[in-house]
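Presented below is the structure to which this report refers.
Only the coordinates and a few stated rules stand behind these numbers; no lab work does. Fair warning: this is a prediction, and the values are worked out from it, not measured in the lab. Cβ sites come from the backbone with ideal geometry, for glycine too, and all protein chains shown count toward neighbours.
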Amino acid sequence: MTSLLDQTRFSESIYKPTMARIVDINDLTALDRLFTVELPDGVYLDHQPGQFVKVSVLGVGEAPISISSSPSRTRQTFELAIRKVGDLTGVLHDLQAGAMVGIRGPFGQGFPMDRFKGKNLLFIAGGCGIAPLRSLINQVLDDRGSYGHMQILYGSRSAADLMFKDELHEWENREDVELLLSMEKADIDWPACTTGYVTHLFPQIELDPRNTIAVIIGPPVMYKPTIAQVRNKGIIEGNIWLSFERRMKCGVGKCGHCQINHIYVCRQGPAFQYQHVKDLQEAM
Amino acid sequence: MQPAKILPKSAFPGWIDFLKRSYTVVGPKAMHGQTVFGEIETADDLTLEYNQSVIPPKKYLVPQREVLIEYKLDGTEVEAKFNEEATVVFGVHTCDLHAIKLLDLIFSKGFTDQHYAAHRDNTIIIGYECLTTCGPESFCRSMGTASAPESAYDLHIIDMGSDYFIQIGTERGEALFTGYDGVFTATEPDYARMNGTLSDKWQRFPYRLDVDVTEIPDLLAESYHSDHWQELADICLACGMCTQVCPTCYCFDIRDEVDVTLSVGKRVRSWDSCQIDSFALVAGGHNFRETRAARQRHRFMRKGKYQFDATGMVGCVGCGRCATACLVDITPIKTFNELYRRQQQQPEEVEA
Amino acid sequence: MKPKIAFFDFTSCEGCQLTVVDSLQTNVGLLDMVEIVQFREAMTEKGTDYQIAFVEGSCTRESDEDRLRAIREQADVVVALGACAHLGGINAIRNIYSIDEVRDEVYGDKGEWYETYQPRPIDAVIAVDAVIPGCPIDRDEFIAVVTQVLQGREPRIPDHPVCIECKLNETVCMYLRGEICLGPISRAGCGAICPKYGFGCVGCRGMISNPNLESMEEVLEQYGRTLEEARAKMSMFLTYQTLEEGES
Amino acid sequence: MTTNVKVDVHHLTRVEGHGNIVVNVVDGSLEQCELQIVETPRFFEAMVKDRPYHETSHITSRICGICAGGHATTSLRATENALGIEPTEQTVLLRKLNFFGEILDSHVLHVYMLVAPDYLGLGSVIPLASTNPEVVLRALRMKKLAGDVCEAICGRHTHPIGMTVGGFTHFPQRADLEALREQLIASRPDLEATVELYSTLSLPAFERETEYIALRKPDEYAFIDGMIASTDGGEWPLSAYQSVTNEYNVPHSSAKHTKNQRDSYMVGAQARFNVNYDLLHPKAKEAAEALNLRPKITNPYANAAAQVVEIVHSIEEAIVLTEELLERGVQWEEPVKPTRLTGEGVGACEVPRGILFHHYVYEEGFAVKANCVIPTGQNLANIEADMRELVPTILHEGEDAVTLKLEMLVRAYDPCISCSTHLLDVEFVE
Ligand SMILES: Cc1cc2nc3c(=O)[nH]c(=O)nc-3n(C[C@H](O)[C@H](O)[C@H](O)COP(=O)(O)OP(=O)(O)OC[C@H]3O[C@@H](n4cnc5c(N)ncnc54)[C@H](O)[C@@H]3O)c2cc1C
Ligand code: SF4
Ligand code: SF4
Ligand code: SF4
């Protein structure tokens, strides 16, 4: 068995994708679909939560997509939650189960799970930021004993935009998870749902700032106000983690598109410790 | 290092003919008052005494357009494509040799880019020592690139009047003489003459930078919030010519091209430019470097600092190409000197 | 089922349609992929059931508008083919004269014989889904756009200046040759073919969406050219746009 | 015999531009017989007004995408004559080579893609792609060759770039010319196949002798410059073109009609063949032999066959010319500068469809007056005369057949309608 990364790295070209089969497609929202992808025999995806793969449709193009499934669950199949926003994602949404897609990766730095062990975790997702965060959440749930208290704040536009509703219910029903939702239009019957942005949830949570790690993933506009709230709770910069999205062509630190100042998001990120990026003007 | 060779100029055309038998030979050619690297048929086509070529010889290592993979759309065949053409690049200026050294570092760092490596493996680089500057825009001496870096060339030519003194950089460089008998091994007096030629050249190379090159990374780090970027942005056309002609710019785009019957296609890499509006645009319409000021800053920060952080080499080699190309006269010399002037002024302003 | 495509011509030189025919030289496979149901320049049949319409030429009279609207009604995708359709192009040069002047000066006493009004791009009349710019269009771009439409993708054209492609050609800049060139503000995609063959860009593909016009004026000044000269050059293809701007 | 026939071909297909054929026979008598040109007037003469002299060729090339090179060349010759410019020998040779590309491109388009389908009973060339792919591929190959000739000289076929007043702004490299020569020579089998194809087609039997007008030069089959010559006798200098064309307006056409010594005359490949047969390349004469063509041809349907002869002529002459250019070498030359900026001049070329005139008046380098007389305009009266004579002889064949034969007739002339729509009355001060 080889890992996909080795397959990518040691294939004759780092740009050559491994062809993998889409085995299942499920609607998440009107714009988002969950693709379950199966690697060819003998290849497994050995990823960290927070890492991404480059997904391609031959003849259309390639895009970076976060791995949404947890490494603790499967090795030969993995899940990608993809939003239809443009060219490639539009074509991906038209595919049927059974179609082949190209995969390279996994690339980038994920979240350092070892450093999170024993800590309380505050997960904050905005919009489709829940897709990469889900990988992390499920990883923690599968090894629940190794981590402390777990809080999930998820901000969404409306009920129709909520992704992974079944799992949300599961998390909601667990004793050891505290899940809070915010919606700009709170049109759903949910035990803990607040009207507004994800930042409006902070007054409702209690946490121990010295022992809590915060992980924030969402659209560009969300970072500054959310970090302010997290800092407000007393969490130090070194305990705040983020993930960034940028335009990326190569995924391997060459093409220059994802650069934030001197940093290549595809190599040093997409997961970053806040203190390493807070002074970069182009970061947020 | 292998002892150098002496090639009488009279034997030079014969050597080119000899090389043509096994290689595609390219080099600087005069073209409508400019110099352009292109294929050489005979030694007559070469103009070794030239001012900077429009596009640097990087085009032989990172072509403007290059097929990375070819495939059938149904996924049954996916094949990586590599350069296989054995090429000799003649007459690479010393600044461009430095630039190639930088590209070598970039494309081997982290993940090795095998397509670059294939070009590099098949391309033999013959440097050419500059004995005069390349016209008003170049500033190689200021950037420390007016002499050849050892690791970038296979052979390096120094014009000594009636002969060429040829330094050997690699074995495959030396092998270009295997089977050719018009060349001699350099002797003591040849070395002495060569040293004389080299030490004479410096008087013809002025310093143009007001700050020492080793201070450039710090200067730029401190200039991140300078107003100067906006001043450059006011005149910048965002045409991207500066990055296209730069020997150390390598950013690229990758696109798929499909034949009209939708059966076969290829994934193609082509040069891109951080000066173009859409370079950092992402889905949803968010542009991470929307203003021309941010883009000009990024360009100069890359040259002066980011590439230095990544490779230990300053990313500008002082060739002056971008200055020649830019229609509104944005130049590294003027920019670096202006940033320096402001940096020097600042403490006084604070005091006053 | 093969998508049905149709070509329509309005006021134009039909050079773009000819370029379509020429594109077959290297892409004859196109004929297997689509069913061409109308192409007056090249075929007799006139099918009215089509999904993709390519429209060449400017709208130059009242009755063109109805024809355009009918096309829009039928087609799922309408593509403007070439500068005449995309910009008004050459045909709009005469817009600097009022229509009455045109009647008096140009028609004379025969003014009543022929219907005409101020030429305009087709998107002044109907919504357009994609454009293939240029005078004439670029063959490869035509094929690329068709391919993208066949793939169900939205075609995209470059939005950066011609200069970038011009440098790749290693052409001596027209300004250094004492000529004027609109490259710095014009949309690339043509391979900078005009400067390559010694003629300053005339902007036949339209302007980029974010040109630095002030700086362009400085370039002109620096190279001893005048704004009037640049305007004259722009008037070849961009008269309609310039006049619109002047009005707003 | 019922003799009510109504033909109304709205927007004739497989021609360049918009035209309608309207024929109305009531009780056996021809009430109406018109080729209506319904293209909107383009006002090119007005467009070049007030423009600098070096732009006129770029604007007038946009009169027609098919004979863009012809318009550009004619325009350049008119401007050069107006401004006292004598182009160099090299310029003359390069322009000629480009012109062969132009003729080839247009003729291949016409004989293969526009005319041939009629004889094969098809609506277009597209079905041929599956039934006779080799014919379509051959046509595309020959068109590509034509395009490559133009590309090497001036950048592209439609709207040439590298030609300018007084010379060129771009020059082919030796390697370009060598490649062209190889391609031209390699196309000879395609030439033979083209001649063979046309020798098998049977043209409708119809003869109507008329006046044939073309440019003539003493030593070559004229395409650029020359004297205006007529098969009815007479030779005129270009400056006298208006007394040859005698343009007049008719209400059913946005293109003007012309007449010379009779009520109408014909221009184009057939007219050139009739006027200049003696100067054809020997291989072209052989082709004419194979096609059974001898001067003077009086069946207008044979115009396409005459074009086939010219295809052979163009390729053979282009080979000769390329060799000559390779031998003398092509130098970078600055365009010849005008000797005056105020002046008047006429230029004429035999573009694919016949003789084309451009006529300009410049003041201080800016165009103040312009006039273009286009081949299709000159043929319109003749086409209608043919129609009037033809219709009564074929009425018995029924409406469909009449329609088809009339369409084929008009198409045989290879009309270029968008070219010909110009209405500007220009008074020239003598
Ligand atoms: C690390 C990382 C992880 C990601 N994870 C996910 C994920 O899990 N799920 C997910 O759905 N997405 C994810 N994304 C985002 C995803 O990569 C993009 O949505 C995707 O690249 C869009 O590709 P596309 O071809 O569909 O869109 P494109 O068609 O390339 O672009 C979409 C939009 O971009 C703009 N644009 C792009 N190019 C141009 C141009 N040339 N001219 C003008 N406008 C242009 C337009 O606004 C256009 O609408 C991630 C991105 C990164 C960097
Ligand atoms: S920044 Fe300009 S001067 Fe420096 S290496 Fe690049 S092109 Fe040359
Ligand atoms: S855009 Fe140019 S080439 Fe195309 S039809 Fe119009 S005039 Fe002709
Ligand atoms: S010739 Fe025109 S397009 Fe080319 S670089 Fe100069 S200004 Fe730009």
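Worth pointing out:
- Contact order, relative form, for segment C:162-247: 28 percent (alpha carbon pairs under 8 Å, 6 or more residues apart, mean separation divided by residue count).
- Anisotropy class of segment C:4-150 from Cα gyration tensor, a/c 1.5 cut: prolate
- The mean number of Cβ atoms from other chains found within 10 Å of a Cβ in peptide D:50-62 is 4, as a whole number.
- For A:Val57, nonlocal amide neighbours, meaning residues 5 or more places apart or on other chains whose placed amide H falls under 5 Å from its own, are A:Gly102.
- Segment D:131-255, Cα convex hull volume normalised per residue, Å³: 238
- Spacing of the modelled spin labels on A:Arg144 and A:Gln275, each 7 Å from Cα toward Cβ, amounts to 3.3 nm.
- Per-residue extension of 0.36 nm, minus the Cα-Cα distance of A:Lys165 and A:Leu31, leaves a gain of 46.8 nm for this segment.
- Between segment D:323-381 and segment B:39-114, the Cα center-to-center distance that results, in Å: 45
- Here the Karplus relation 6.51 cos²θ - 1.76 cosθ + 1.60, evaluated at θ = phi - 60°, turns the backbone of segment D:176-185 into coupling constants of 4, 5, 4, 4, 4, 4, 4, 4, 4, 5 Hz, with x for every Gly and Pro.
- Each part gets one Cα centre, and for segment A:91-120 versus segment B:298-337 those centres are 37 Å apart.
- Of all lysines in the structure, those lying under 21 Å Cα to Cα from A:Lys224, and not within fewer than 8 positions of it along the same chain, are A:Lys233, A:Lys278.
- Residue by residue along C:150-161, Cβ atoms of other protein chains within 10 Å of the local Cβ number 5 on average.
- Distance between the 7 Å Cα→Cβ label points at C:Ala232 and C:Lys2: 5.0 nm.
- Computing Rg and the Kirkwood Rh from the Cα coordinates of segment B:5-204 gives a ratio, Rg/Rh, of 1.00.
- Peptide D:162-170 is shielded by partner chain Cβ atoms: per residue, an average of 3 of them sit within 10 Å of its Cβ.
- Sorted from greatest to least, the principal axis extents spanned by the alpha carbons of segment A:59-103 come out as 32, 20, 15 Å.
- Rg/Rh, computed from the Cα trace of segment C:162-247 with Rh as the Kirkwood radius, has the value 0.94.
- Paramagnetic label zone (point 7 Å from Cα along Cα-to-C-beta, B:Lys109; backbone N under 19 Å) in segment B:199-242: B:214-222
- Derived scalar couplings ³J(HN,Hα) [segment A:34-49; Karplus, 6.51 cos²θ - 1.76 cosθ + 1.60; whole Hz; x for Gly, Pro]: 9, 9, 9, 10, 10, 6, x, 3, x, 10, 10, 8, 10, 10, 9, x
- Label-to-label distance for D:Ala290 and D:Asp263 is 4.0 nm, based on points extended 7 Å past Cα in the beta-carbon direction.
- When chain A is reduced to its Cα atoms, the Kirkwood hydrodynamic radius in Å: 19.2
- Taking a ≥ b ≥ c as the square roots of the eigenvalues of the alpha-carbon gyration tensor, chain D is classed oblate because a/c is 1.5 or more while a/b is no larger than b/c.
- Amide H contacts of C:Met43 (H built 1.01 Å from N, under 5 Å, at least 5 apart or other chain): D:Arg14
- Rounded if a/c under 1.5, otherwise prolate or oblate - segment D:89-181, Cα gyration tensor axes: prolate
- Geometric descriptor of the protein assembly as shown, per residue, is 213 Å³ (volume of the convex hull of the Cα atoms).
- Length-normalised contact order for segment B:213-345 - Cα pairs under 8 Å, 6+ apart - percent: 32
- 13 Å cut-off, amide nitrogen to a point 7 angstrom out along B:Glu49 Cα→Cβ, residues in segment B:4-31: none
- Only Lys, Arg (+1) and Asp, Glu (-1) charged, at Cβ; segment B:201-240 dipole about Cα centre in debye: 460
- Efficiency of FRET between D:Ala175 and C:Glu179 - r from beta-carbon atoms, R0 30 angstrom, step 0.05: 0.70
- A simple rule links phi to the HN-Hα coupling: the Karplus curve 6.51 cos²θ - 1.76 cosθ + 1.60 with θ = phi - 60°, which for segment B:231-243 gives 5, 5, 5, 4, 9, 5, 8, 6, 8, x, 5, 4, 7 Hz, with x for Gly and Pro.
- MRE, 222 nm, helices only [DSSP H, n ≥ 4, -39500 (n - 2.57), over the protein assembly as shown, to nearest 500]: -10000 deg cm²/dmol
- On Cα atoms only, tilt of A:130-141 relative to the major axis of chain A in degrees: 80
- Distance between segment B:198-230 and segment B:164-188 - C-alpha centres, whole angstrom: 36
- Sequence-separation-based contact order of chain B, relative, with Cα cut under 8 Å and 6+ spacing, percent: 21
- Choice from A:Ser56, A:Ser243, A:Ser158 showing the highest fluctuation, given a GNM over chain A with Cα pairs closer than 10 Å: A:Ser158
- Cross-link partners of A:Lys16 among lysines (Cα-Cα below 25 Å; sequence separation of 8 or more within a chain): A:Lys54, A:Lys84, A:Lys249, A:Lys254, B:Lys58, B:Lys59, B:Lys72, B:Lys81, B:Lys109, B:Lys266
- FRET efficiency for C:Val28 and D:Arg328, using Cβ-Cβ distance with R0 set to 45 Å, rounded to 0.05: 0.75
- Amide H contacts of D:Val351 (H built 1.01 Å from N, in plane; Pro and chain starts excluded): D:Leu356 sit under 5 Å, all sequence-distant by 5 or more or on other chains.
- FRET efficiency, D:Glu134 to D:Glu31 (Cβ-Cβ, R0 56 Å, nearest 0.05): 0.75
- Partners for D:Lys296 among lysines (Cα-Cα distance below 24 Å; same-chain residues under 8 apart left out): D:Lys217, D:Lys259, D:Lys283, D:Lys285, D:Lys405
- Among A:Glu172, A:Glu38, A:Glu12, residue whose mean-square fluctuation peaks in a GNM of chain A (springs only between Cα atoms under 10 Å): A:Glu12
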